[in-house]
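The values are calculated or read from the model by the stated rules, or taken from the named source; none is laboratory data. Treat the numbers as computed from the prediction; the structure is a model and nothing was measured. A quick note on method: Cβ atoms are made from the backbone with ideal geometry, for glycine too, and the neighbour counts reach across all protein chains shown. Just so you know, the surface numbers come from the protein's heavy atoms only, side chains and all, with ligands and any DNA or RNA stripped out. Shrake-Rupley method; radii C 1.70, N 1.55, O 1.52, S 1.80 Å.
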Amino acid sequence: DVNVMKDVTLGFGQALDKCRQESQLTEEKMEEFFHFWRDDFKFEHRELGCAIQCMSRHYNQLTDSSRMHHDNTEQFIKSFPNGEVLARQMVELIHSCEKQYDHEDDHCWRILHVADCFKQGCVQRGIAPSMEMMMTEFIMEAE
Ligand code: M21
């Protein structure tokens, strides 16, 4: 459900600061990771794909060919409260997105397209958290 997705996003987003330098993702291009869920968010900067690659690697979610490591990703999602309700669905959705963009050789661009596809799939399935929800939780965590 949307609450699980909110927690997973905030957890995953913890790695953004570590990955800013190596990905060149400036704050101007993405201030905080949860902006991912904004209705008007544009998946246009290759640097975001590089940052997601770095963040995924940080949590051991990538294989040597920079594809999703299914078991590790499932475990990561399950490490959040009620994560088990979404883990399989998320892994399957990301994998189906990966298959659509497998021809893209540039890892950063491919991962950016996969992330966009993943978000659209979440919106369609009704498991995308609202921006209001993301902001409220983000502010609460910062206090
Ligand atoms: C659940 C919160 C945020 C997740 C955002 C990124 C999801 C994008 C998945 C890309 C995984 C990389 C796969 C590489 O082929």
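For the stretch 121-130, a tally of residues being on the phi < 0 side of the Ramachandran plot and open to solvent by 40 Å² or more (accessible area, probe 1.4 Å) returns 4. Taken across the stretch 66-86, residues that are over 20 Å from residue 11 (Cα atoms), open to solvent by 60 Å² or more (accessible area, probe 1.4 Å) and more than 10 Å from the ligand (Cβ to nearest atom) do not occur at all.
Number of residues in the stretch 96-120 that are open to solvent by less than 20 Å² (accessible area, probe 1.4 Å) and free of Cβ contacts under 8 Å to residues at least 12 places away in the same chain: the value is 0.
Among the residues of the stretch 98-120, write down those that are more than 18 Å from residue 33 (Cα to Cα), near the ligand (Cβ under 10 Å from one of its atoms) and either part of a helix (DSSP H, G or I) or of a type in the set (A, V, I, L, M) (or both).
First, the residues of the stretch 98-120 that are more than 18 Å from residue 33 (Cα to Cα): 98-107, 110.
Keeping just the survivors that are near the ligand (Cβ under 10 Å from one of its atoms) gives 98-99, 101-102, 104, 107, 110.
Correct list: 98, 99, 107, 110.
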